[in-house]
Amino acid sequence: MTLGHNDLVTRAKAGDRQAFDELVGPLVSPAFRLGYGMLHDREAAEDAVQEAAVRAWRKLGNLRPETEMRPWFLAIVANQCRDTIRGRWWSVLRLASSPEGAAIGFEDEIVRGADLRGALRRLPVEQREVLVLRYYLDLPLEEVASITRIPVGTVKSRINRGLTAMRPHFTIVEALV
Amino acid sequence: MDELIRSRMHEALDVEQPHGDLRARVISSLPADVRHAHGFRGPGREWTLGGVAVILAVAVVAGLLYTRPPRATIPSGSGLHATARGGFAMVTPSIGWAIGPAAHVFRTTDGGLRWRDVTPADYSSNSIDTYFLDGNHAWLTQYVQSSSSTVVFGTNNGGASWHRSLPISTADLHRTYGTVLFFIDPTHGWLLVPGLVGGSQLADPSTSTQFEFLYRTTDGGAHWQQVSHTTSRPGACVWGDVVFSSLTTGWIVNFCPSGSGPALFVSHDGGVTWNVQSLPVPATSLDSSPVFFDSQHGILVVAGESSMTLLATSDGGRTWSVRPLPGTVQTGLNFVDEAHGWVIGGSSDQLSNGATVSGVVVPLFRTDDGGNNWVAVRTDLLLVSTYGRVQALDFVDPRNGFAIAFTAVPIYGSFAYQGALLKTTDGGVTWAVVGQLP
């Protein structure tokens, strides 16, 4: 944590958008990747990041200067994605741009990763979330725990359950490789 | 293997990038009228003694104004414990609760036709846990990051108004994770608060210790007293739902991924001390706590990869006996009391492949003797219909029950997902759509 960071937080709290941009801007890309990994829809992921940024902007008053920005903001993005997924109960949600795999061959599926996306989509959201954070955003277990607000042990068990469910997809690739 | 998984994840998910300059759009979309004083710290302001005094005064007044609800017995015949923690719980044929968009709390009084947002005004979804006891009493937890504490919102009038507990904070506890709520009646409840003590803000195994703090309330959630705590190597163990079958006897599942596996613990002194409960089957896949219908009768499910084993007790949990289940694969087990229950049971092919074919009825079974005998229900509920695939069952008494189905239809070149709520009034034989979830 640097003095510059603390100064940026203070300025952002005072309503300085440029300071907020310097704090959150570098996290927009990983936030989009998290959103796409969870929602599998580009527009929904973009919406989630924008909504999360507004939430973060409004929550700045609660932010302690020493708080790490990445787990703080990605936790808000993850929350936003969970809310979006929960929203399926009540309203329309764009999920996939096309019914993947319906008109393409198996080899094409492998190439495009559609099989893996489909398998990810069928996972419970809690397992999907930790797999994306761990293996797509390459975050350490402790940071995944911080973002998802669960113990590291729970992160591990969710990862294990998710990987167990998806094992056939990784096995196929191993065989091809 | 980790590298292979990473490589495959990137291959599968790198196919989409945001259109245009998302960063610029994000910054330009920030509202101008932001109120950073969302908590108790204004822009560029630090904590002040006056601010703290106001908080304490508000909390104390809220506590004084809290009306102690009348003592009630454990609700019988409701099956509440089976569904009370989920995002959806019908508690009578007409009254139900659901978690909707943005984690708001909704309530229906007409069997799911219309839903009203009853979220507390000062509630923001953050590490939400809910407990819906009956049509009037419900509780929510909220993690307050600014004070590293947990507060509990409670209502005793169906969400018309909410009481907020004093912040529940333990010295040096700098981080809390998902909380677990349980109420046995409108007055008595327990709250499990997992958290980390010591170390940095992140869950650093080398510098922090994971604790599970158990709190108890005797005034409907206004005040909480710590009962006990556990400690373990950080990340070594996960504690499941806490359940009480009386004011003194409670249950909790402990799962240690790298240890000896899951175990069921029981307490006979209100949660102060806990001991391992022996079971008649290996607890290798024990991942849920028991469900009790009164102080003596309860069930416990030991779930495998696909099939499950049903255990039942009629002596308060001292002994458990195995009950048969129909089919080789089961889902949707749902008991409303110690006698009446339902389960969807069939072959793997029937439930997985059949679930993709329209016109296949749900292989629904019913028991009226606590699971000793199961009879097929001649139901008209389809695994997949125009309303979508049946995802959950929620019976409220031996005749009235609800089912939730998803439907997916193309819209604007994408998919649209909508949830439909179906209802039966004859124990699962005939079903009709009553509305949607909020």
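The values are calculated or read from the model by the stated rules, or taken from the named source; none is laboratory data. Predicted model, so just to flag it, every value in this text is computed and none were measured. Quick reminder, even Gly has a Cβ in these numbers, built from the backbone with ideal geometry, and neighbours come from all protein chains shown.
Below are the figures for this structure:
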quantity	calculated
Filtered residue count, the stretch B:210-240, keeping only those that are in a loop (DSSP other than H, G, I, E, B), touching a Pro at 6+ places or on another chain (Cβ under 6 Å) and modelled with pLDDT of 65 or more	1
Number of the exception - B:Asp204 against (1) surrounded by 18 or more Cβ atoms within 10 Å (Cβ to Cβ); (2) modelled with pLDDT under 60	(1)
Flag if A:Gly101 is more than 21 Å from the chain's Cα centre (by Cα) and at pLDDT below 70	yes
The stretch B:384-410 - residue that is away from chain A (no Cβ under 14 Å) and closer than 20 Å to B:Met308 by Cα and, of those, modelled with the lowest pLDDT	B:Val390
Subset of the stretch A:120-137 [outside any helix (DSSP H, G or I) and at pLDDT 85 or above]	A:Leu137
Some residue of the stretch A:34-54 being within 20 Å of A:Arg128 (Cα to Cα), surrounded by fewer than 22 Cβ atoms within 10 Å (Cβ to Cβ), touching a residue at least 60 places away in the same chain (Cβ under 8 Å) and more than 9 Å from chain B (Cβ to nearest Cβ)	no
Selection within the stretch A:148-160 - at pLDDT 85 or above and in contact with a helix residue (DSSP H, G or I) (Cβ under 6 Å, 6 or more places away or on another chain)	A:Val155, A:Arg158, A:Ile159
Subset of the stretch B:135-150 [surrounded by fewer than 23 Cβ atoms within 10 Å (Cβ to Cβ) and more than 14 Å from chain A (Cβ to nearest Cβ)]	B:Gly135, B:Asn136
Yes/no for B:Ile299 being buried (at least 18 other Cβ atoms within 10 Å of the Cβ), modelled with pLDDT of 80 or more and either more than 29 Å from B:Gly346 (Cβ to Cβ) or touching a His at 6+ places or on another chain (Cβ under 8 Å) (or both)	no
Top-ranked residue of the stretch B:1-45 - restricted to ones that are part of a loop (DSSP other than H, G, I, E, B), of a type in the set (A, V, I, L, M, F, W, C) and over 23 Å from A:Leu60 (Cα atoms), ranked as modelled with the highest pLDDT	B:Val15
Residue in the stretch B:413-422 that is in a loop (DSSP other than H, G, I, E, B) and modelled with pLDDT under 75 present	yes
Complete set of residues in the stretch B:94-104 that are at pLDDT 85 or above and surrounded by 17 or more Cβ atoms within 10 Å (Cβ to Cβ)	B:Ile95, B:Gly96, B:Trp97
Residue match in the stretch B:307-326 (condition: of a type outside the set (Ser, Thr, Tyr), modelled with pLDDT under 90 and not in a strand (DSSP E or B))	no
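Table: residues versus (1) surrounded by fewer than 17 Cβ atoms within 10 Å (Cβ to Cβ); (2) on the phi > 0 side of the Ramachandran plot; (3) modelled with pLDDT under 75.
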site	(1), (2), (3)
B:Ser125	no, no, yes
B:Leu133	no, no, no
B:Tyr177	no, no, yes
B:Ser200	yes, no, yes
